[in-house]
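**Student:** First the structure, then my questions, so here it is.
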Amino acid sequence: MSFYVYLSGEIHTDWRDDIQRGAEAAGLDVVFTAPVTDHDASDAAGDHISAQDKQFWRDHQSSKVNSIRTRTLIEQSDLVVVRFGDKYKQWNAAFDAGYCAALAKPYVTLHSEDIVHPLKEVDAEAQAWCTTTDQVVEILRYVLKA
């Protein structure tokens, strides 16, 4: 039986690859899914529907198309890892965490200690807060092999 993990959040570093490599090295039967991590492709997800002359409507249209993927993969997952990076504010990640909380879907957060305060409500609902990808892999190992 495979364990499904959705990797939400920050798209500017290789944290997803680190978790996937760690899970593979630990021999874990995990299927990883994620949002579209190509920023330009994500921004253009709704462009085929109709051209928009205002950025707000382009973003609105594309976010709705992106939400089909996001909602479906979160709902199908056994666990969600929500990564908050240091470079950009990840409002979408906070939304995904809230969606998980509303669904009673287990999630763990992954972020540095210097943003604990702004994420206190997000962390309060999480099953764990991690600061390293190795900690995430250890949670997966425990859940699947303990």
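**Student:** Multiply the residue separation of S63 and D47 by 0.36 nm, subtract the distance between their alpha-carbon atoms, and state the gained length in nm to one decimal.
**Tutor:** 4.7 nm
**Student:** How big is D for region 1-135, in µm² s⁻¹ as a whole number, if Stokes-Einstein is applied with the Kirkwood radius of its Cα pairs at 4 °C and 1.567 mPa s?
**Tutor:** Here the translational diffusion coefficient equals 83 µm²/s.
**Student:** Something else: Given the DSSP H assignment, sum -39500 (n - 2.57) over each helix run of at least 4 residues in the chain and divide by its residue total; what's the result at 222 nm in deg cm²/dmol, nearest 500?
**Tutor:** -15000 deg cm²/dmol
**Student:** In degrees from 0 to 90, rounded to the nearest 10, what is the angle of the helix 133-145 Cα long axis to the longest principal axis of the chain?
**Tutor:** With both axes taken from Cα atoms, the answer is about 60 degrees.
**Student:** Once you charge only the Cβ atoms, +1 for Lys and Arg and -1 for Asp and Glu, what is the size of the charge dipole of region 28-146 about its Cα centre, to the nearest 20 debye?
**Tutor:** The calculation lands at about 240 debye.
**Student:** Sort the following peptides by mean Cβ neighbour count (other Cβ atoms within 10 Å, averaged over residues), highest first: 40-49, 80-89, 134-143.
**Tutor:** 80-89, 134-143, 40-49
**Student:** Right, another one. Using a 1.4 Å probe over the heavy atoms of the protein chains, calculate the carbon and sulfur portion of the accessible area of the chain as a whole percent.
**Tutor:** Summing carbon and sulfur atoms, their accessible area is 53 percent of the total for the chain.
**Student:** If you don't mind, another one. Taking the 0 to 90 degree range and rounding to the nearest ten, how far is the long axis of helix 15-25 tilted relative to the main principal axis of the chain, both from C-alpha atoms?
**Tutor:** Between the helix axis and the principal axis of the chain, the angle is about 40 degrees.
**Student:** Same structure, new question: Angle check, please: helix 91-103 long axis (alpha carbons) against the longest principal axis of the chain (alpha carbons), in degrees 0 to 90, nearest 10.
**Tutor:** The helix 91-103 is inclined about 60 degrees to the chain.
**Student:** Moving on to the next point. So what is the relative contact order of the chain, in percent, for Cα pairs below 8 Å that sit 6 or more residues apart?
**Tutor:** Computed value for the chain: 27 percent relative contact order.
**Student:** Taking the simple approach of a point 7 Å from Cα along Cα-to-Cβ for both V36 and Q127, what is their distance in nm?
**Tutor:** Here the answer is 3.0 nm between the modelled labels.
**Student:** OK, next. What distance in nm lies between label points placed 7 Å from Cα along the C-beta direction at D86 and A104?
**Tutor:** Modelled inter-label distance: 3.8 nm.
**Student:** Springs between alpha-carbon pairs under 10 angstrom, Gaussian network model over the chain: which of Q20, Q61, Q90 fluctuates most?
**Tutor:** Evaluated over the chain, the most mobile residue of the options is Q61.
The values are calculated or read from the model by the stated rules, or taken from the named source; none is laboratory data. Only a predicted model underlies this, so the values are computations on that prediction, with no experimental measurement involved. As a convention, Cβ positions derive from the backbone with ideal geometry for all residues, glycine included, and neighbour counts pool all protein chains shown. These area figures cover heavy atoms from the full protein model, side chains too; ligands, DNA and RNA do not enter into them. Shrake-Rupley method; radii C 1.70, N 1.55, O 1.52, S 1.80 Å.
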